[in-house]
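Notes to accompany the following structure.
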Amino acid sequence: MTGDSLGRPLRDLRISITDRCNFRCDYCMPPEIFGPGYEFLPKNQILSFEDIIMLVKAMLPLGLEKVRITGGEPLLRKDIAVLISMIRECDYGLDIALTTNGSLLSRHAEKLANSGLDRVTVRLDAIEDEIVRDISNSSISSSDIIRGVEAAIKYGLAVKINTVVIKDYNEHQIIPITEQFYQMGVTVRFIEYMDVGGTKNWNPQQVVFGEEIRTIIASKYGKLKPVKQQKYGQVAKRWSLNNGYEIGFIESISKPFCQSCTRARISANGKLYTCLFSEHGHDLKSLITMGADITDLRDAVIALWSKRNDRYSEVRTIRKLETRPVEMHFIGG
Ligand code: SAM
Ligand code: SF4
Ligand code: SF4
């Protein structure tokens, strides 16, 4: 397959394995909407491990290089290490990653590493516990999550930290986060707060641009330099401090990267989304239920991907107010 209608290959697949989470981050699953009465997907609508393996096998010959398991909180899914080992058996060269809020990581790190997982990305937006708890609406502390990061490192997983920065909220945590993970030798990626999902009151005034984040970091560590060699399709642009420590910036608001976006996403109920901001997905789970085999699934993906023309972040300013993109906890970010 040569690529989508803009020539972008399908290299990166993100699979959400649950729409549930033990946190209620204000920017993703605000508690006033995802309260006790919220109806999550019933079990029979969630992709089974066998479904996931069929989908991975369908996409591997199309040039898939990386699979990222996400959610919701993927570590809530029972036997996740079994799923990782099943994916590993499909292709020993595949890059397999997991995105997590880190709360259960210290418990799972060893078996995840043994199952063939390569890397883990841990979300942490602050070091100060009051902010950690306030953002996530949970009782977690940053040290609980850092313990998970330490366990992942101990068992040989590559680790990165994802930090979403929100204006007048956690900007003052940029330096403590940088300091903490510089000391641990772990890369941090600062993310511009995005208008993803349909349930939040995002507004552009809350975005802290990558350039502003770099200015804050430079005030303590000196000017950052852009790292020259950046891989095609790499979302985080790397910058380095004078001492060589690299920091990533995901600047989808100020520097959209749709032109090299090679990501397909599968929601917890098996729908393929060709963009994080899509309103509708394409139901691959129903195809499986109706008896589709791996070749049928591959043909369906080729047909959908070859028509893909999404570039939402580049045309964001003209988005219609009534559009309602898919929720982040459902599609996985
Ligand atoms: N629960 C896991 C976690 O928190 O990492 C995996 C799912 S979460 C939806 C994946 C990533 O999306 C996290 O790094 C989170 O910070 C990010 N995210 C969620 N809502 C966001 C938003 N509005 N803007 C930017 N990033 C967001
Ligand atoms: Fe859960 Fe992750 Fe969303 Fe926070 S960002 S509510 S941890 S899925
Ligand atoms: Fe890819 Fe859509 Fe994000 Fe653009 S807006 S980078 S096409 S997911």
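Scanning the range 57-106 for residues that are without any contact (Cβ under 8 Å) to a residue 12 or more places away in the chain and either crowded, with 23+ Cβ neighbours inside 10 Å or closer than 29 Å to M29 by Cβ (or both) yields a total of 1. Every condition in (1) within 28 Å of I294 (Cβ to Cβ); (2) touching a residue at least 60 places away in the same chain (Cβ under 8 Å); (3) surrounded by fewer than 21 Cβ atoms within 10 Å (Cβ to Cβ) is met by S138 except one, and the failing one is (1).
Matching residues to (1) within 19 Å of R265 (Cβ to Cβ); (2) within 16 Å of ligand 3 (Cβ to nearest atom); (3) in contact with a Phe, Trp or Tyr (Cβ under 7 Å, 6 or more places away or on another chain); (4) in a loop (DSSP other than H, G, I, E, B):
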| site | (1), (2), (3), (4) |
| --- | --- |
| R20 | yes, no, yes, yes |
| R24 | no, no, yes, yes |
| L41 | yes, no, no, yes |
| N44 | no, no, no, no |
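The set of residues in the range 141-161 that are surrounded by 21 or more Cβ atoms within 10 Å (Cβ to Cβ) and polar (S, T, N, Q) contains only S142. All conditions but one from (1) modelled with pLDDT under 95; (2) under 24 Å from V159 (Cβ atoms); (3) of a type outside the set (D, E, K, R) apply to N201; the one that does not is (2). Report whether or not L304 is away from ligand 1 (no atom under 16 Å from the Cβ), part of a helix (DSSP H, G or I), touching a strand residue (DSSP E or B) at 6+ places or on another chain (Cβ under 7 Å) and at pLDDT 95 or above. For L304, the condition - away from ligand 1 (no atom under 16 Å from the Cβ), part of a helix (DSSP H, G or I), touching a strand residue (DSSP E or B) at 6+ places or on another chain (Cβ under 7 Å) and at pLDDT 95 or above - is met.
Within the range 1-18, the set of residues being more than 16 Å from ligand 2 (Cβ to nearest atom), of a type in the set (A, V, I, L, M, F, W, C), assigned to a loop (DSSP other than H, G, I, E, B) and under 28 Å from F49 (Cα atoms) comprises M1, L10.
The values are calculated or read from the model by the stated rules, or taken from the named source; none is laboratory data. Everything quoted here is computed from the prediction, not taken from an experiment. For neighbour counting, all protein chains shown are included, and Cβ atoms are generated from backbone atoms with ideal geometry for every residue, glycine included.
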